[in-house]
1. Taking amide H positions as placed 1.01 Å from N in the peptide plane, with prolines and chain starts having none, which residues 5 or more places from A:G172, or on another chain, fall under 5 Å of its amide H?
2. What are the GluC sites (Glu not before Pro) within the stretch A:178-249 that DSSP puts in a loop, where the Cβ has at most 15 other Cβ atoms within 10 Å?
3. Got a sec? How would B:D236, A:D212 order by Cβ neighbour count within 10 Å, fewest to most?
4. Rounded if a/c is under 1.5, else prolate if a/b beats b/c, else oblate: with a ≥ b ≥ c from the C-alpha gyration tensor eigenvalues square-rooted, which is the stretch B:90-133?
5. Apply the Karplus curve 6.51 cos²θ - 1.76 cosθ + 1.60, θ = phi - 60°, to the phi angles in the stretch A:112-127 and return the couplings in whole Hz, x for Gly and Pro.
6. Out of the GluC sites (Glu not before Pro) in the stretch B:88-156, which ones are loop residues according to DSSP with at most 15 other C-beta atoms within 10 Å?
7. So what's Rg/Rh here for the stretch B:98-282, counting alpha carbon atoms and using the Kirkwood radius for Rh?
8. With a cap of 13 neighbouring Cβ atoms within 10 Å, and only residues DSSP puts in a loop, list the trypsin sites (Lys or Arg not before Pro) found in the stretch B:177-234.
Amino acid sequence: MKRRDFLKASAVGAAGISLLGFPLPAEAAQSVTLTILHTNDQHSRIDPMPNDGRKYGGMGGMARRATLIEKIRKEQPNVLLLDAGDIWQGTPYFNFFNGELEYKLMSRMQYDAATLGNHDFDNGLQGLQNQLPKATFPFLIANYNFGGTILENRFQPYKVFEKQGLRIGVFGLGIELAGLVSKENYGETQYIDPVPVAQEMVQELRQNQKCDLVICLSHLGYSYKTDKIDDLKLAKQVPGIDLIIGGHTHTFLDEPTVVQNAGGETLVNQVGWSGIFLGRIDFTFNKKNRQKTGVSALVLPVDNPVLTS
Amino acid sequence: MVNNTRLVLQLRLRRSGEDCTFVDKLSNRPPHMKIRFRKSLGVALVALLVGACQPLAWQASPSLANTDVPVDSTITADPQTEAVIAPYRRQVTEKMSEVIGFAPEALGKAEYESPLGNFVVDLQIAQSQPLYGKPIDLSLTTNGGLRQPLPKGEINVGDVFELMPFENELVVLTLDGSTVQELFDYAVEKKWAPIGGATYTVKNGKPTDIKIGGQPFDPAKSYTLVTSDYLAGGGDDLNMLKKATKTEKVGLLLRDAILQQIRQLTAAGQPVTADTDSRVTVLP
């Protein structure tokens with residue numbers, strides 16, 4: 001079993017708080033576990049990949065995913081189910097039903113939030129608007145300005161979720177649309193540089209919203225050799241994000257990449273495409289005295305996860 | 001009453017010079033919790049003041065084991081979800097399972113040129129020509145846009161949807177000679193852009209001996225190129241295509257063009273094969 005070894009901090013803080021006897025669940029508990037489940041680039045893969053010898057043939061399938069998520073929900077008290085965009089495009093289900101079934105099934109699985117990928121614009125702003133009522137979950141996007149379009153004021157940049165008193169801030173970032181999406185499909189939607197936007201989001205979620213964990217749903221892509229912004233560059237340049245759930249590049253990662261930055265570290269994860277895998281990261285929260293254990297006091301080397309049996 | 005005690009507590013905490021997130025959380029409590037809070041207020045105040053408001057924060061330790069859970073055949077499909085999908089699937093299956101052609105060999109992708117790439121760029125010209133009504137010199141696609149190979153054996157409508165799921169339209173661009181040169185430079189650099197109507201040789205990482213319609217490429221001339229509206233708009237880094245001097249819609253979706261080509265081949269008693277004449281010569 002792989003695990004990352006953290007320095008043990010003084011337990012004084014945790015013991016102290018329990019003396020107060022407040023009944024708020026998170027404050028009463030010694031530790032709380034949060035389970036993040038995630039997908040990206042589902043590409044309308046309702047049914048499993050055809051089992052015709054292709055790579056990952058026979059894998060995936062939304063009805064199976066529903067079973068898996070239901071099982072995890074029964075085992076875990078605090079689940080957040082998230083998607084990093086490109087829900088649409090890739091099978092005839094999208095061509096014939098325009099994304100309706102994808103949103104319906106995700107709503108049944110109780111997705112908590114998604115962000116927008118470039119292919120989610122494939123039926124234009126109107127096509128997106130037509131299907132949004134089918135989704136019971138919000139689309140979070142902080143760096144697209146829909147001002148002056150039919151989708152103006154339709155999306156929030158972030159949402160704060162509360163689980164047992166823990167506050168989890170989730171925000172969304174989209175890729176530059178020009179060159180990827182036909183102009184007529186995205187219209188006057190403006191793309192804004194994700195780096196300053198992410199900095200603002202971290203500030204807002206940490207300072208004003210008092211979040212204990214900050215998650216970015218990103219459709220920027222995992223890594224490019226060019227200057228183009230990607231999840232690894234974002235993690236390096238914007239401290240304060242705990243987890244980037246990525247998409248667009250259809251990258252399969254055996255485990256999340258840990259990026260060191262000025263504020264500590266950021267995990268970057270992505271699970272390929274088509275719902276072949278369900279991403280899962282469990283965070284165990286322990287009450288610590290902030291003065292005694294700064295974020296920088298965290299851990300051991302990150303690119304060399306400690307292997308224990 | 002509750003509000004007043006909260007205020008007092010808040011003031012005292014502020015005075016200690018610390019910003020306690022604690023206070024904010026109290027205000028969010030449901031009423032019954034506030035009452036319980038009041039009862040224990042004396043204890044709480046003492047504890048807080050003794051503790052001099054040391055901010056306490058939740059610190060998260062991620063578990064990095066098993067972070068990608070395979071969704072495979074060991075997981076039973078959820079019956080209720082299946083029931084929602086079923087009527088959609090029935091309609092899709094009916095439309096998709098129609099067999100429209102036969103391929104003796106699978107048509108796949110490769111660098112520079114490939115059976116699948118040649119097949120698509122050639123049919124783009126063949127299917128657009130009658131609608132466009134004027135000669136089309138060149139045809140272009142990219143490997144990224146061709147989502148799945150065409151399988152060996154029977155080809156059905158579903159296979160073509162897998163190959164070309166996008167609602168991309170065919171357009172004819174008019175390009176001046178320097179833009180055409182940039183396009184060939186791109187094709188050589190990226191290796192993922194099959195070009196129809198032309199042959200060329202890759203030498204020292206550059207395109208040489210470019211022939212269009214069998215004639216040597218003339219940088220002083222303009223050429224017409226059929227491609228998808230997606231690529232014409234600069235998709236897949238084809239920014240030079242945005243310099244087209246003219247853009248004309250063919251009035252045909254690329255996927256419909258592929259379906260039509262296969263249906264016509266079958267109607268003529270021909271299998272689905274790609275032209276295998278070498279178009280790109282790569283010198284060592």
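What follows draws every value from the coordinates through simple rules; no lab data is involved. Given the structure is predicted, the values throughout are model-derived calculations rather than measurements. Positions of Cβ are generated from backbone atoms using ideal geometry, with glycine treated the same way; all protein chains shown enter the neighbour counts.
1. For A:G172, the qualifying residues are A:I141, A:A142, A:L217.
2. When the GluC sites (Glu not before Pro) of the stretch A:178-249 are filtered for loop state and at most 15 Cβ neighbours within 10 Å, A:E188 remain.
3. B:D236, A:D212
4. Details: a/c = 2.58, a/b = 1.27, b/c = 2.02.
It is oblate, given that a/c is not under 1.5 and a/b is not larger than b/c.
5. Karplus-based 3J(HN,Hα) across the stretch A:112-127 equals 8, 6, 9, 10, 9, x, 4, 6, 6, 9, 5, 9, x, 5, 5, x Hz.
6. Here the sparse-neighbourhood loop sites are B:E98, B:E105, B:E111.
7. Values: Rg = 15.6 Å, Rh = 16.4 Å.
Computed over Cα atoms, the ratio is 0.95.
8. Qualifying residues, ordered by number: B:K221.
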